[in-house]
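Notes follow the structure.
The values are calculated or read from the model by the stated rules, or taken from the named source; none is laboratory data. Computed from a prediction, not measured in an experiment: that's the story for all the values here. Cβ placement follows ideal geometry from the backbone for every residue including glycine, while neighbour counts extend to all protein chains displayed. Areas reflect the complete protein model, heavy atoms only, side chains present, ligands, DNA and RNA absent. Shrake-Rupley method; radii C 1.70, N 1.55, O 1.52, S 1.80 Å.
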Amino acid sequence: MDLPFLPRFWQDLLASMACFLHQRHAGRLAVLLLGALFANGRRTVTRWLRAAHVGRGFAAYYYFLAALGRHADFLAGLLLRQALDRLAPDGPLLFAIDDSPTQRYGPHVQGAGLHHNPTPGPTDQKFLYGHVWVCLAWIVRHPLWGTLGLPLLGLLYVRRKDVPRLPPRAGWSFHTKLELAADLVTWAARWVRTAGKSVRVVVDGFYAKRPFLKAAAAAEVTVVSRLRRDAGLRTVPVPPRGRRRRGRPPRYGPGRISLAKRAGHQRGWLTVQARQYGEVRVKRIKTFVATWPPAGGRIRVVMVREEHGWLALFSTDVSLAVEEILSLAADRFSIEQDFHDLKEVEGLGQQQLRNIWANVGAFHVSAWVHTLVELWAWDRPREALCDRSASPWDDAERRPSHADRRKALQRQCLSQEFQHLAAGQTLTAEIQQFVGRVINHAA
């Protein structure tokens, strides 16, 4: 497969990104993305290079991955700007931040350590050895396929005890997950502000803590997240009557609010309709405005009664509608789907690299291929992306998966290359059908 047969907007985007790289190795980014798109089996870097037909100069690509990891934030910003121009969204932009581990093997993998396993599986493996990535994805709503996540930037979390094991030339310093998430939300606000858009971010309840919320408030970003049941909420301060007293007005009210007690009261529950997971659902909620020290002021609290109990959500923008808060909280699931697709379809974590910055570069190659595939398939009909006629047991109305979109792009590139080679030649119908079967089998 050759670069000229990639989609035109891929080539334009890669050309704009290559302008900010050293001209000696600017073209290697496109080669790596091409190899990652067409690699099969275990997605090691060797598979990438073999799929891109890289021969004796393979070693330079390993060094380039390390350089790419050091400058991934700037290149991810260029990708975000191109995605904004292509999709032209209306209203505020929604981002999601979450972390996920990738299992690695071998004691010489830099930055790897023992981490909590969020999906222990049937073996009940509570810990795994590998890398943990704090990732930011742009959440978009497709008119036909619902909510999709476009992963843009990921930061590697290395435990404090593992940092001294890294070589000094790596220039690595310890940062908590909250600090990494704060850097991501600041990065997103800085790049989006130039486009004249406001930013909202939805995160897991783990990130609803002071360091992250303080950084989001400084960047003028609205945060929607889950609230702990024992959160130290306080009432809204009442302005004093008459002449104002000297000093700064109070930020937090004198009374304390117990979420458990409010959930136990049978009165005050309302019924609303919110769009969640592609359908309109009826929810029983309670909502009120409170003050919370980690958020630095007022928040909108939404308590939701579910079949298994109740949960509490909050928004740092008190004017945000309850239905919108419920919808945004449900859209956070898109980044979980991204993690699944990155690992199962793009082969994230299988690259077999030791250098820490090369691992960062390889992460972004997989993430950017995922995003570019989704952007390519955005305005294409279902029939052009998947054909389930050969699988009658499958749901024909199911939306095309990321694997379906990736294979459709592969088929288009291979078909264009074949048409270019066969131009000016007369081919029988049998040969054309045979080539079509070969392409469908290859992709």
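Name the one entry in PHE174, PHE95 that is more than 25 Å from ARG43 (Cα to Cα) and surrounded by 17 or more Cβ atoms within 10 Å (Cβ to Cβ).
PHE95
Quick one: in the stretch 225-248, of everything that is open to solvent by less than 90 Å² (accessible area, probe 1.4 Å) and not in a loop (DSSP other than H, G, I, E, B), which residue is nearest to TRP187 (Cα to Cα)?
SER225
Specify which of the listed residues (ARG200, ARG159) is open to solvent by less than 70 Å² (accessible area, probe 1.4 Å), in contact with a strand residue (DSSP E or B) (Cβ under 6 Å, 6 or more places away or on another chain), basic (Lys, Arg) and closer than 27 Å to ALA290 by Cα.
Selected residue: ARG200, the only one of ARG200, ARG159 that is open to solvent by less than 70 Å² (accessible area, probe 1.4 Å), in contact with a strand residue (DSSP E or B) (Cβ under 6 Å, 6 or more places away or on another chain), basic (Lys, Arg) and closer than 27 Å to ALA290 by Cα.
Please count how many residues of the stretch 177-201 are at negative phi and part of a loop (DSSP other than H, G, I, E, B).
4
Can you list residue pairs whose Cβ atoms sit under 6 Å apart, with the first residue in the stretch 19-48 being free of Cβ contacts under 8 Å to residues at least 24 places away in the same chain and farther than 20 Å from VAL345 by Cα and the second being part of a helix (DSSP H, G or I) and open to solvent by less than 70 Å² (accessible area, probe 1.4 Å)? Count only pairs 6 or more apart in sequence or on different chains.
So the pair list comes out as ALA26/ALA18.
Determine whether ILE139 is closer than 19 Å to SER198 by Cα, open to solvent by less than 70 Å² (accessible area, probe 1.4 Å) and touching a Gly at 6+ places or on another chain (Cβ under 8 Å).
Yes.
Residue by residue, here is whether (1) more than 15 Å from GLY361 (Cα to Cα); (2) touching a Pro at 6+ places or on another chain (Cβ under 7 Å); (3) outside any helix (DSSP H, G or I) holds:
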site	(1), (2), (3)
PHE9	yes, no, no
LEU13	yes, no, no
PHE20	yes, no, yes
VAL31	no, no, no
ASN40	yes, no, yes
TRP48	no, no, no
VAL54	yes, no, yes
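Conditions first: (1) aliphatic (A, V, I, L, M); (2) loosely packed, with under 15 Cβ neighbours inside 10 Å; (3) touching a residue at least 40 places away in the same chain (Cβ under 8 Å). ALA88 passes all but one, so which condition is the exception?
Looking at each condition in turn, ALA88 falls short on (3).
Modelled with pLDDT under 90, closer than 27 Å to ARG332 by Cα and out of contact with any Pro (no Cβ under 6 Å at 6 or more places or on another chain): which single residue out of THR222, THR194, THR186 fits that description?
THR194
Only one residue in THR186, THR222 is touching a residue at least 12 places away in the same chain (Cβ under 8 Å), open to solvent by 10 Å² or more (accessible area, probe 1.4 Å) and within 26 Å of PRO101 (Cβ to Cβ). Which one?
THR186
Pairs please, first residue from the stretch 372-400 and without any contact (Cβ under 8 Å) to a residue 40 or more places away in the chain and open to solvent by less than 40 Å² (accessible area, probe 1.4 Å), second anywhere and outside any helix (DSSP H, G or I) and of a type outside the set (Asp, Glu), Cβ atoms under 6 Å, 6+ apart in sequence or on different chains.
LEU385/ALA377; LEU385/PRO400; CYS386/PRO400; ARG388/ALA396
Among (1) in contact (Cβ under 8 Å) with a residue 40 or more places away in the chain; (2) surrounded by fewer than 16 Cβ atoms within 10 Å (Cβ to Cβ); (3) within 20 Å of LEU342 (Cβ to Cβ), where does LEU13 come up short?
Evaluating LEU13 over (1) in contact (Cβ under 8 Å) with a residue 40 or more places away in the chain; (2) surrounded by fewer than 16 Cβ atoms within 10 Å (Cβ to Cβ); (3) within 20 Å of LEU342 (Cβ to Cβ) leaves (2) as the failure.
Can you report the number of residues in the stretch 281-301 which are assigned to a strand (DSSP E or B) and within 11 Å of SER225 (Cβ to Cβ)?
Initial filter on the stretch 281-301 (assigned to a strand (DSSP E or B)): 281-292, 297-301.
Then keep just the ones that are within 11 Å of SER225 (Cβ to Cβ); that gives 299.
Total meeting the criteria: 1.
Kindly provide the set of residues from the stretch 118-132 that are open to solvent by 10 Å² or more (accessible area, probe 1.4 Å) and within 29 Å of VAL224 (Cβ to Cβ), ordered by number.
Within the stretch 118-132, PRO118, THR119, PRO120 qualify.
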